[in-house]
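In what follows, a single structure is set out as structure tokens and then discussed.
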Amino acid sequence: MTIEEIKNSHKLLKQFKYTWKPIERGYNNRTLYVNLDGYEIKEKPVSQEMIDKFTGGKGFGLRLLWDGTKPDTKWDDPENEVIINTGPICGITQYSGTGKSLVVTISPQTDIVIDSNVGGFFGPFMKFAGFDSIEIQGKSKNEVIIFIDETREVVEIYDAPYELVDSHLLAEALTEIFAGDKKDMRNVSVVSVGSAAKHSLIGMLNFSFYDVKRKKVRLKQAGRGGIGTVLMDKKVKAIVARTKGVKGNLNNVVDLEAIMERGRRFNREMRELDDSQAEMRSKGTAHLTNIMNDYDLLPTHNFKFGSHPDAGRIHSNVYKERFTQGVPDGCWIGCNMSCAKGVDNYILRTGPYKGSSVIVDGPEYETAASLGSCAGIFNPDFTIEANFYCDTYGICTISWGTILGFVMECYEAGILNDERTGGIKLNFGNADSAMDLLHQLARGEGFGLTAGLGVRKMKEMFIEKGWGDPQFLHDIAMENKGLEYSQYISKESLAQQGGYAMTNKGPQHDEAWLIFMDMVNNQIPTFENKAEALHYFPMFRTWFGLQGLCKLPWNDVEPENNAETDEPAKVPEHVDNYVTIYKAVTGKDFDKHEMIRQSERVYNFQRVFNIRRGYGLRKHDAQPYRAAGPATEEEYLSRQERYDKQLKEIIGLDPENMTLQEKMAATRKYRENCYEQLLDAVYERRGWNKNGVPSLKHLKDLGMDLPEVIEVVKDLQ
């Protein structure tokens with residue numbers, strides 16, 4: 001069908017008229033509620049208490065989700081919600097990395113709250129149109145599109161029967177349909193899913209932005225935990241926002257000059273220092289691939305190893321050659337980091353779009369590792385093509401890569417075989433089979449459906465069927481709380497083990513990335529040091545998700561004198577930038593200590609939310625052993641000199657008089673005990689009891705002693 005025919009097929013099901021009002025100091029002070037059961041649309045006021053206790057972003061989403069669901073709400077119940085949120089700083093254009101949205105829902109993978117941070121233009125456009133959040137509840141009978149249009153001050157729901165589902169086509173078509181003209185395409189952003197999301201639990205959301213330089217629609221992803229699967233289950237084909245346009249001070253901030261001054265300072269750092277530090281403007285986060293390999297941190301063969309002789313084939317310079325250079329690759333206006341790299345005019349070799357010339361957004365580091373070394377595949381063409389198909393099919397690349405690593409190890413260990421995989425040979429390094437599996441999932445066929453369940457549910461299935469040793473499967477299944485690990489080896493960093501498994505949502509690096517601090521630089525040697533880091537950094541990083549900020553400008557380029565400061569890992573000058581910006585947007589009294597308290601309020605609320613749902617306790621912070629140490633003889637022998645030295649110097653045993661099995665058992669006992677001691681230290685620092693439950697005193701000190709919160713935890717003290 002032509003674009004005009006598709007447009008004409010849209011039947012208006014419901015229209016809601018609202019009155020646009022200017023944003024006040026970063027807030028609209030209202031949210032948008034859509035219930036698909038009866039196509040109800042309304043706006044909700046944001047109370048001062050909601051702002052004071054939940055700040056914005058993920059905090060708003062958690063508050064709305066708590067109120068909209070019950071403790072036993074399942075991910076596919078109509079009352080589950082998908083909530084997209086902005087924050088008070090979101091949308092300013094005078095400082096880099098201010099265009100992020102935060103999405104929350106009850107996850108199909110974890111059965112607890114998942115939150116995901118995503119770029120693209122939708123969040124700022126929704127905010128400029130008049131709403132701090134959109135809350136989507138219920139289930140439609142037919143596929144629909146939700147349209148927020150600032151130009152007409154309406155929210156509409158359309159029947160959408162004909163568009164192709166896959167995001168690279170859908171986002172392009174809807175941008176053209178809902179824009180007033182070609183020039184107006186820059187003012188439209190689309191949230192969409194993709195065909196694989198309906199067949200899996202790992203579906204993600206694509207948020208579009210119109211690249212004016214390329215004149216193409218591009219995509220950024222809210223990847224973790226199956227958010228796209230939930231939206232697909234609700235039969236929402238897309239959410240579209242259209243704004244009148246972006247101009248200097250739509251947030252109506254208190255002190256624009258203060259923000260501009262800090263923006264100029266940061267932009268100078270990017271211009272002068274990036275090439276010698278992280279090379280974000282030329283490589284994006286893919287600059288990490290060779291660095292991780294050099295430090296034995298690149299996940300290889302399902303996290304068995306941290307490096308590989310073939311890793312040079314996926315060196316960051318290889319991706320730099322593929323990425324288009326010299327274009328302002330920001331996923332929000334005014335971002336000078338330009339890390340949203342893309343491979344232009346890539347000719348696809350497989351799948352339903354074989355022969356098409358497409359733009360591939362990325363790969364970022366996590367994708368280069370997950371759709372590469374984790375599966376033992378060192379072929380950038382496979383990674384780039386799999387990146388494209390995961391995006392357009394609506395599949396989280398991090399989860400998919402960790403899934404590939406898991407099923408490939410199971411195949412090589414005999415847990416899976418050709419009969420069980422339907423004939424797909426899933427040995428490490430088999431790029432063709434890996435690509436076939438992805439296309440199978442998109443079609444809803446064969447072993448692709450099994451893989452789409454995620455690592456935890458596959459592990460449980462294989463154990464139930466008696467296909468492998470349960471302990472071995474638990475050890476090598478790289479998941480915690482049901483969420484697949486993101487792409488760093490944590491074996492030699494106890495702090496990073498905690499940074500993964502002690503997260504509220506599951507192992508995602510955005511909460512605490514402490515490997516270099518802990519393992520490389522030895523800056524946090526004691527349990528108390530590690531506990532302090534596992535308090536501060538998760539709270540600091542949570543703050544970005546309350547404001548609508550990207551984390552990368554914080555520490556992926558650093559001021560010239562940062563190493564000379566008292567706490568260089570915190571990048572204190574950049575922390576001060578954010579303090580200044582928050583004060584300049586909101587006009588509120590604020591300092592770096594209140595920044596952490598804002599996050600603590602929301603972080604502890606999320607912990608209690610998990611407890612309310614039957615999770616959130618110490619046992620749920622357990623990690624697979626491979627995250628801590630060598631789970632197989634092959635792993636031990638690959639680093640035997642290191643492990644033997646640790647046995648002798650740290651554990652106090654003589655490896656010369658021990659069998660390999662004895663050495664592995666002693667290493668395991670020691671490392672598992674260290675993790676338990678870390679749990680104790682971190683819980684104490686966070687104000688939690690030994691079972692991981694926030695204390696009543698701590699909640700009261702934070703001002704989070706809300707009656708509904710206290711009711712959940714009072715009997716667990």
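The values are calculated or read from the model by the stated rules, or taken from the named source; none is laboratory data. These numbers come from a predicted model, not from an experiment. Every residue, glycine as well, gets a Cβ built from its backbone with ideal geometry; the counts of neighbours run over all protein chains shown.
When Q547 is tested against (1) touching a residue at least 60 places away in the same chain (Cβ under 8 Å); (2) buried (at least 19 other Cβ atoms within 10 Å of the Cβ); (3) over 29 Å from G120 (Cβ atoms), exactly one condition is not met: (3).
Can you find, within the range 310-324, the residue that is surrounded by the most Cβ atoms within 10 Å (Cβ to Cβ) among those that are touching a helix residue (DSSP H, G or I) at 6+ places or on another chain (Cβ under 6 Å) and not hydrophobic (A, V, I, L, M, F, W, C)? Among those residues, the one meeting the criterion is Y319. For the range 44-97, a residue qualifies if it is over 23 Å from V155 (Cα atoms), in a loop (DSSP other than H, G, I, E, B) and of a type outside the set (D, E, K, R), and the qualifying residues are T55, T69, P71, T73, W75, I89, I92, T93, Q94, Y95, S96, G97.
Only one entry in S373, S356 is at pLDDT 95 or above, in contact with a strand residue (DSSP E or B) (Cβ under 8 Å, 6 or more places away or on another chain) and surrounded by fewer than 18 Cβ atoms within 10 Å (Cβ to Cβ), namely S356.
If you go through the range 648-668 one residue at a time, do you hit one that is over 27 Å from M502 (Cβ atoms), in contact (Cβ under 8 Å) with a residue 40 or more places away in the chain and polar (S, T, N, Q)?
no
Is it true that Y670 is aromatic (F, W, Y) and in contact with a Lys or Arg (Cβ under 7 Å, 6 or more places away or on another chain)? Answer is no for this residue.
Could you count how many residues in the range 372-387 are within 20 Å of the chain's Cα centre (by Cα) and not aliphatic (A, V, I, L, M)?
Residues meeting the conditions: 5.
Could you please find all residues in the range 175-206 being over 25 Å from the mean Cα position of the chain (by Cα), aliphatic (A, V, I, L, M) and in a helix (DSSP H, G or I)? Residues satisfying the conditions are I177, M185. The residue that is farthest from P507 (Cα to Cα), counting only those in the range 445-496 that are crowded, with 20+ Cβ neighbours inside 10 Å and polar (S, T, N, Q), is T450. Within the range 276-309, the residues that satisfy the criterion of being assigned to a loop (DSSP other than H, G, I, E, B) and modelled with pLDDT of 95 or more are Y295, D296, L297, L298, P299, H301, N302, F303, K304, G306, S307, H308. Filtering C390, C410 for residues that are in the same structural domain as V318 (by TED's automatic domain parsing), crowded, with 24+ Cβ neighbours inside 10 Å and either free of Cβ contacts under 8 Å to residues at least 12 places away in the same chain or over 23 Å from the mean Cα position of the chain (by Cα) (or both) leaves a single hit, C410.
In the range 657-671, of all residues being modelled with pLDDT of 95 or more and loosely packed, with under 15 Cβ neighbours inside 10 Å, the one that is farthest from the chain's Cα centre (by Cα) corresponds to T659.
Please enumerate the residues belonging to the range 687-700 that are more than 12 Å from N604 (Cα to Cα) and over 29 Å from the mean Cα position of the chain (by Cα). K697 - this is the single residue of the range 687-700 that is more than 12 Å from N604 (Cα to Cα) and over 29 Å from the mean Cα position of the chain (by Cα).
Here L273 fits the description: part of a helix (DSSP H, G or I) and either assigned by TED's automatic domain parsing to the domain that holds T86 or surrounded by fewer than 24 Cβ atoms within 10 Å (Cβ to Cβ) (or both). Of the residues that make up the range 614-624, is at least one surrounded by fewer than 19 Cβ atoms within 10 Å (Cβ to Cβ), assigned to a helix (DSSP H, G or I), at pLDDT below 95 and not β-branched (V, I, T)? Taking every residue of the range 614-624 in turn, none turns out to be surrounded by fewer than 19 Cβ atoms within 10 Å (Cβ to Cβ), assigned to a helix (DSSP H, G or I), at pLDDT below 95 and not β-branched (V, I, T). Do you know which of the residues in the range 26-66 that are small (G, A, S) and surrounded by 19 or more Cβ atoms within 10 Å (Cβ to Cβ) is nearest to I106 (Cα to Cα)? Filtering the range 26-66 for residues that are small (G, A, S) and surrounded by 19 or more Cβ atoms within 10 Å (Cβ to Cβ), the one nearest to I106 (Cα to Cα) comes out as G61. Mind checking which residues of the range 483-515 are without any contact (Cβ under 8 Å) to a residue 24 or more places away in the chain and within 18 Å of R618 (Cα to Cα)? Across the range 483-515, the qualifying residue is only Q496. Report yes if T110 is over 22 Å from E153 (Cβ atoms) and either without any contact (Cβ under 8 Å) to a residue 12 or more places away in the chain or outside any strand (DSSP E or B) (or both), otherwise no. Spelling it out, T110 is indeed over 22 Å from E153 (Cβ atoms) and either without any contact (Cβ under 8 Å) to a residue 12 or more places away in the chain or outside any strand (DSSP E or B) (or both).
At pLDDT below 95, among the charged types (D, E, K, R) and not assigned by TED's automatic domain parsing to the domain that holds P108, is that true of D475? So D475 fails the test.
Taken over the range 135-157, the criterion of being surrounded by fewer than 22 Cβ atoms within 10 Å (Cβ to Cβ), under 12 Å from K237 (Cβ atoms) and not polar (S, T, N, Q) is satisfied by E143 alone.
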